[in-house]
Amino acid sequence: MLKTNKKLAIAALAVTMAAPVNVLSQTRSEWNVPSAQYPMIDSERRATIKIDAPKASDVKAMVAGKTYPMTRDANGSWSVTTDPLVVGFHYYFLDIDSVRVTDPGTETFFGYSRLASGLEVPEGEEGDYYRPHRDVNHGQVRRVQYYSESSQAWREAVVYTPAEYETNVKKRYPVLYLQHGMGEDGRGWTKQGRMQNIMDNMIASGKAVPMIVVMESGDINIPRKEGLSRNVEESPYGKSFYPVMLNDLIPMIDKTFRTKTDRESRAMAGLSWGGHQAADIVFPHLDKFAWLGLFSGAVYGLDANKNYGGVLKDKDKVNTALKYFFIGCGTEESIGVPKLTKTLDEAGIRYDRFTSHGTGHEWLTWRRCLRAFITRVFQ
């Protein structure tokens, strides 16, 4: 009897030692729809995704560039836990029997030229700059329809106005035109990017001047039908937006809102291919813009002697006309920034370099870029 009890005690001790010391805490992703428990994020930044699909035979989750096979339980629910993810926003998809779909447990986002699911791996206090705060006055985000003669079509712009715009009715404001990236649309900056919170917080702290921000879809939210050249000015992708912005969008904004219309009160910035568009528009039109921001800007193969009508050959003109030229990217992405800055250095063009540590080609990089950029623009 004693021998049996001793064996049981040893077995129990072995089980206790094998069990995990701490059970990882999990919380719902903040982008879940109200009724959905999953996806959940644990304390090691791993996402657990679960979906009911009892008639499916093969289900996968595609998160942050990696495909995870999901396992089925007896009730027909499929689940998987990812590897640790970097903090910030991530698009993801489900593949159910070779059909790519969104997860009904999350809100939908427009990315990759289609609807996508999204989850947010939370930062600590360092992420407070893009979170709403009760003690901060909040601006407004509105959608404005307008007719474009250039494209012969109705279009829509998303416009942010600072909190004081509604009360300081005689004041006019500078304007930042802010572009999204390839495969996204004009809603990206206010949803995935949380632009309005960044603007509210930075303006309230006195680190940014009150400004109007305009976001348009930019004609880079649809799949490419033509090849994408990796050289400046050679790709037609998104070029249809240029006359729209110059001939229709800017005049509409100046007519509809209380704007300052001089070049020193107009800036343009964009992320990824939106940065490409910003460079394409600003450099040939320095009479209209005085501030430029490239956030992981996809500006490849720049020839300072050839591109933009050769304007970069006159470094004094460019350096005088551009009050501030910002170039930012993440440490974990390869967007060609070193080659771009080398070309600009050789041409004598001044710029300010910003690095987002630990992030790749993703929204957290661009949130950080926007925060840094607006502390200098219109100052």
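The values are calculated or read from the model by the stated rules, or taken from the named source; none is laboratory data. None of the values given here were measured: they were computed from a predicted structure. Backbone-built Cβ (ideal geometry, glycine too); neighbour counts: all protein chains shown. Each accessible area value is taken on the protein alone, full model and side chains, heavy atoms only, with ligands, DNA and RNA left out. Shrake-Rupley method; radii C 1.70, N 1.55, O 1.52, S 1.80 Å.
Can you tell me which residue in region 158-181 is surrounded by the fewest Cβ atoms within 10 Å (Cβ to Cβ), limited to those that are touching a Ser or Thr at 6+ places or on another chain (Cβ under 7 Å) and not hydroxyl-bearing (S, T, Y)?
Once the filter is applied, the top-ranked residue is R172.
Please go through region 182-192 and pick out each residue that is open to solvent by 20 Å² or more (accessible area, probe 1.4 Å) and in a helix (DSSP H, G or I).
T190, K191
Does R155 satisfy being crowded, with 20+ Cβ neighbours inside 10 Å, part of a strand (DSSP E or B) and at pLDDT 95 or above?
Taking the combined requirement at face value, the residue satisfies it.
So which of T331, T343, T355, T375 is of a type outside the set (F, W, Y), open to solvent by 20 Å² or more (accessible area, probe 1.4 Å) and more than 23 Å from the chain's Cα centre (by Cα)?
Only one candidate qualifies: T343.
If I ask for residues that are out of contact with any helix residue (DSSP H, G or I) (no Cβ under 7 Å at 6 or more places or on another chain), closer than 26 Å to S25 by Cβ, open to solvent by 20 Å² or more (accessible area, probe 1.4 Å) and not in a strand (DSSP E or B), which ones from region 75-101 would you list?
Those that are out of contact with any helix residue (DSSP H, G or I) (no Cβ under 7 Å at 6 or more places or on another chain), closer than 26 Å to S25 by Cβ, open to solvent by 20 Å² or more (accessible area, probe 1.4 Å) and not in a strand (DSSP E or B): N75, D83, P84, V86.
Of all residues in region 273-306, which are open to solvent by 10 Å² or more (accessible area, probe 1.4 Å), modelled with pLDDT of 95 or more and part of a loop (DSSP other than H, G, I, E, B)?
Within region 273-306, L286, D287, K288 meet the criteria.
Can you report the number of residues in region 336-363 which are among the charged types (D, E, K, R) and part of a loop (DSSP other than H, G, I, E, B)?
Selection size over region 336-363: 2.
Just for region 193-223: of the residues that are closer than 22 Å to R155 by Cβ and part of a helix (DSSP H, G or I), which one is most open to solvent (accessible area, probe 1.4 Å)?
Q196
Residues that are among the small types (G, A, S) and more than 19 Å from the chain's Cα centre (by Cα): does region 98-110 have at least one?
Within region 98-110, one or more residues are among the small types (G, A, S) and more than 19 Å from the chain's Cα centre (by Cα).
Would it be correct to say that E333 is part of a loop (DSSP other than H, G, I, E, B), free of Cβ contacts under 8 Å to residues at least 60 places away in the same chain and farther than 21 Å from R376 by Cβ?
Yes, satisfied.
Among (1) at pLDDT 95 or above; (2) in contact with a helix residue (DSSP H, G or I) (Cβ under 6 Å, 6 or more places away or on another chain); (3) more than 21 Å from F257 (Cβ to Cβ); (4) of a type in the set (S, T, N, Q), which single condition is S148 missing?
(3)
At pLDDT 95 or above and hydroxyl-bearing (S, T, Y): is that true of T359 in this structure?
Numbers: at pLDDT 95 or above: no; hydroxyl-bearing (S, T, Y): yes.
No.
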